[in-house]
Amino acid sequence: MSYCYYCHQAYSETWSWALFLGLANFPLLCQTCAGKLQLIKGDICRMCGRLFSLFPEQYRQGDFCNDCIRWEQDEEWKGILQQNRSLYVYNDFLKEVIAKLKYRGDAEVMKAFHSVARSSFKSIYKNAVLVPIPLSDERHYERGFNQAELLALGLGRPVELLLKRTVHEEKQSKKTRRERMERKGNPFEVMNPSNIVKENIVLIDDVYTTGSTLRSAAKVLLDTGAKTVSSLTLGR
Amino acid sequence: MKIAFSNNTGDDTMRFVSLFLNNRLTVVPEILVKDGDVNPVPFSELSEIEPHPLNPSFHYDQNLQQILYGKMLLLDEIPSDLHIIQDHYENGYVRYNPGLLKKKYGWQCSRCQNEKEHLFASFSCFRCKSEKCVYCRNCIMMGRVSMCTPLLSWTGPEVRYRNKNEMAWRGELSAGQQVASDRFAQEIGNSGELLIWAVCGAGKTEVLFKGIEKALNMGLRICLATPRTDVVLELAPRLKKAFPKTLIASYYGGSDEKESPVQLVISTTHQLYRFKQAFNLLIVDEVDAFPYSYDKTLQQAVKNAVHSKHFLLYLSATPSGSMKKAAKKGQLPCVKIPKRFHGFPLPVPTFVWSGEWRKRLERGKLPSSFVKWLKSQATSGRRAMIFVPSVSIMEIVAKLIQKHVEVKVDFVHAEDPLRKEKVDSFRNGHISLLVTTTILERGVTVPNLDVAVFGADAAIFSESAFVQISGRAGRSKEDHNGQVLFFHYGKSLSMVRAVNHIKEMNKEAVR
Ligand SMILES: [Zn+2]
Ligand SMILES: [Zn+2]
Ligand SMILES: [Zn+2]
Ligand SMILES: [Zn+2]
């Protein structure tokens, strides 16, 4: 018997057989829960991987969304992040799922996404070093684990904990977008700079929201010698 | 609990050591140990240690007493400093209990009593540094109970509440309510149990007031537990209004009630897990409803939550078979209120044949008898709730209804993030037709309301669900004759039983 990693409901045989045989690319959730997720597929922003069909035409220019164009026009941030790809639309249900994982501390929830993330992203990260976005010690203690690390560990590639967060998360989230784009003090630090020289790095995080966290992390990695930095997240 | 972070050393942990203090084996959190030569472990790996005897000359912290008394809390839920907590433990006022117990066949959660293997998981824990820190997923919504987290309880003197809890409610009771109210009030202070079997719309909340007032003034601690969040949200303001001087708190999934000293608690049955031997009076609302009647660990939680001397009051419009039997045999004392508050009988459901409704839905059509009713309903100026068997049917039906009528149609289900807003806008008349799954059947009162069940033959509808659904209609005196229609493709046993049940209650009411 298989149980849904989110709602604990036992789910039907046909559904779990499909999973077992690898016939379908499903998260390990019951049909009801899985049905509330929206896989990102089709026409997406080439840079940040968001689904174009979800917002009006005027927020898009060619293959890019306006947010990404703004990032790329900024001297400081231009070319820092190669690209981001995400698995699901960050809708109300995924928000609930991630809230249960992070704020209630239910680490097991992440396992629902390991196989689907692996099969969707394998081609993207096959020769790269996976680096999860770290939490501050305070947040890490509070939660007991780092959700980005849990996601990275399920991808079946070596994971390197190369980054350290020196500024507590809360202080960051209170800033406006402008402030974040102009930020001077980067919250991240590279712990073993010699390990990353000439490497292609893929950052792992739970969600891509404004893109500023991932870009800050990418910047310190590039400054210490990484060749390229891109990112993968569960939600976008 | 506050932990001072020694900036970026990374050695803040949640581990414990056991050592001899004044000749007693004592548990000490690692971060309070000054001696570097110890071997800290996750809490559950400590061997069982005798609690410390109560030191009567110790000056205990009243704030901590009021927060912790009658509860089982995680360290993270207690705002006091860890030093203060530890002092209370060493003086016998606080106890550290293991969060998880290792049993012969696996784990057991000390908070929710869960023993199901698939509801435990483990992770590499930053707190206790264990690669496999096991935790309980069943009660995770209240914060994680894991191998490394003790649950704290109060072992010092009991809290004394003030005894000035005058009731501000000045309403009148119906004859049936009066009988039940008197009986309940009489029992306050005794141990035992009582069932109040009241039809939907009998006004059972008012029946509780007198007994609650008496219990409060006797310094008893009271909990009103209900299976549904909606009911907590509806009852909390009413009780606060009725008892303006009493400390009242409400707990439901997602509420962020701070841990505070309260005498009257309104809680979902799930949140009862928080409490430990806390209540002298426990009122269980909708005692027949899922999940209380369903989940064994919840019954355990009820048992856990009451003080050794306690009174249990059950409320139900549709008691389960076993409860009815116990009442009949006299094993369970029971008072019935067969009449609604306004004295008019319960509306009896009418069955309406609607053919193979599933097939019609597949073809994007609604049954013609249903459409006919919809059209007359839309022009009547009244509101209607349309109950459907599942969320997926709900969305299809709501969409199809919109093609037939001009009035505002919406749908809502249990996990709808806009649930509260939608129910409110239905209450105040902005939505005329509300399509819903069974979850709203209890605790929602809307005037000028008719009720329909679409696909009443579906197995999900039980006798008691139907009685509750029917009980939504005709609740106000001015509109006691609300319509109840069951659209079906073949009568089910539950449908027939529900009608008999309602007729039976109506007969009793005339007697
Ligand atoms: Zn599920
Ligand atoms: Zn973009
Ligand atoms: Zn538990
Ligand atoms: Zn742990």
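The values are calculated or read from the model by the stated rules, or taken from the named source; none is laboratory data. All values reported here derive from a predicted model rather than from experimental measurement. Cβ sites come from the backbone with ideal geometry, for glycine too, and all protein chains shown count toward neighbours. Areas reflect the complete protein model, heavy atoms only, side chains present, ligands, DNA and RNA absent. Shrake-Rupley method; radii C 1.70, N 1.55, O 1.52, S 1.80 Å.
In the set A:Lys111, A:Lys122, A:Lys126, A:Lys95, only one residue is touching a Phe, Trp or Tyr at 6+ places or on another chain (Cβ under 7 Å), open to solvent by 20 Å² or more (accessible area, probe 1.4 Å) and of a type in the set (D, E, K, R); that residue is A:Lys111.
Among the residues of the range B:453-460, is any open to solvent by 50 Å² or more (accessible area, probe 1.4 Å), within 16 Å of B:Pro345 (Cα to Cα) and either modelled with pLDDT under 90 or assigned by TED's automatic domain parsing to the domain that holds B:Met323 (or both)? Within the range B:453-460 (the criterion being open to solvent by 50 Å² or more (accessible area, probe 1.4 Å), within 16 Å of B:Pro345 (Cα to Cα) and either modelled with pLDDT under 90 or assigned by TED's automatic domain parsing to the domain that holds B:Met323 (or both)), the answer is no, since none of the residues qualifies. Kindly establish whether B:Glu504 is more than 14 Å from chain A (Cβ to nearest Cβ), open to solvent by 20 Å² or more (accessible area, probe 1.4 Å), in contact with a strand residue (DSSP E or B) (Cβ under 8 Å, 6 or more places away or on another chain) and not in a loop (DSSP other than H, G, I, E, B). No, not satisfied. Does A:Leu135 satisfy the condition of being outside any helix (DSSP H, G or I), within 12 Å of another protein chain (Cβ to nearest Cβ) and either within 16 Å of ligand 3 (Cβ to nearest atom) or open to solvent by 10 Å² or more (accessible area, probe 1.4 Å) (or both)? So A:Leu135 fits the description; yes.
Okay, residues lined up against (1) within 14 Å of chain B (Cβ to nearest Cβ); (2) among the basic types (Lys, Arg); (3) in contact with a His (Cβ under 8 Å, 6 or more places away or on another chain):
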{"position": "A:Cys45", "(1), (2), (3)": "no, no, no"}
{"position": "A:Leu51", "(1), (2), (3)": "no, no, no"}
{"position": "A:Asp63", "(1), (2), (3)": "no, no, no"}
{"position": "A:Leu94", "(1), (2), (3)": "yes, no, no"}
{"position": "A:Val97", "(1), (2), (3)": "yes, no, no"}
{"position": "A:Lys102", "(1), (2), (3)": "yes, yes, no"}
{"position": "A:Ala117", "(1), (2), (3)": "no, no, no"}
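Scan the range B:112-126 for residues that are within 11 Å of chain A (Cβ to nearest Cβ) and open to solvent by less than 90 Å² (accessible area, probe 1.4 Å) and the total you get is 10.
With the condition kept exactly as written, say whether any residue in the range B:119-136 is free of Cβ contacts under 8 Å to residues at least 12 places away in the same chain, under 18 Å from B:Leu46 (Cβ atoms) and in a loop (DSSP other than H, G, I, E, B). So far as the range B:119-136 goes, yes, one or more of its residues are free of Cβ contacts under 8 Å to residues at least 12 places away in the same chain, under 18 Å from B:Leu46 (Cβ atoms) and in a loop (DSSP other than H, G, I, E, B).
Of the residues that make up the range B:336-346, is at least one away from every other protein chain (no Cβ under 14 Å), open to solvent by 40 Å² or more (accessible area, probe 1.4 Å) and among the hydrophobic types (A, V, I, L, M, F, W, C)? Yes, there is a match, as at least one residue in the range B:336-346 is away from every other protein chain (no Cβ under 14 Å), open to solvent by 40 Å² or more (accessible area, probe 1.4 Å) and among the hydrophobic types (A, V, I, L, M, F, W, C). Within the range A:65-92, restricting attention to residues that are more than 14 Å from every other protein chain (Cβ to nearest Cβ) and acidic (Asp, Glu), the residue that is farthest from ligand 1 (Cβ to nearest atom) is A:Glu75.
Here the condition is being touching a residue at least 12 places away in the same chain (Cβ under 8 Å), open to solvent by 40 Å² or more (accessible area, probe 1.4 Å) and on the phi > 0 side of the Ramachandran plot; of B:Asn481, B:Asn448, it holds for B:Asn448 alone. Every listed requirement among (1) more than 14 Å from chain A (Cβ to nearest Cβ); (2) crowded, with 23+ Cβ neighbours inside 10 Å; (3) among the β-branched types (Val, Ile, Thr); (4) within 28 Å of B:Gln277 (Cα to Cα) is met by B:Val199 save one, (4). Once the range B:127-147 is narrowed to residues that are open to solvent by 40 Å² or more (accessible area, probe 1.4 Å) and not polar (S, T, N, Q), the residue that is nearest to the other protein chains (Cβ to nearest Cβ) is B:Met141. Taking the criterion of being in a loop (DSSP other than H, G, I, E, B), charged (D, E, K, R) and buried (at least 17 other Cβ atoms within 10 Å of the Cβ), no residue of the range B:319-335 qualifies.
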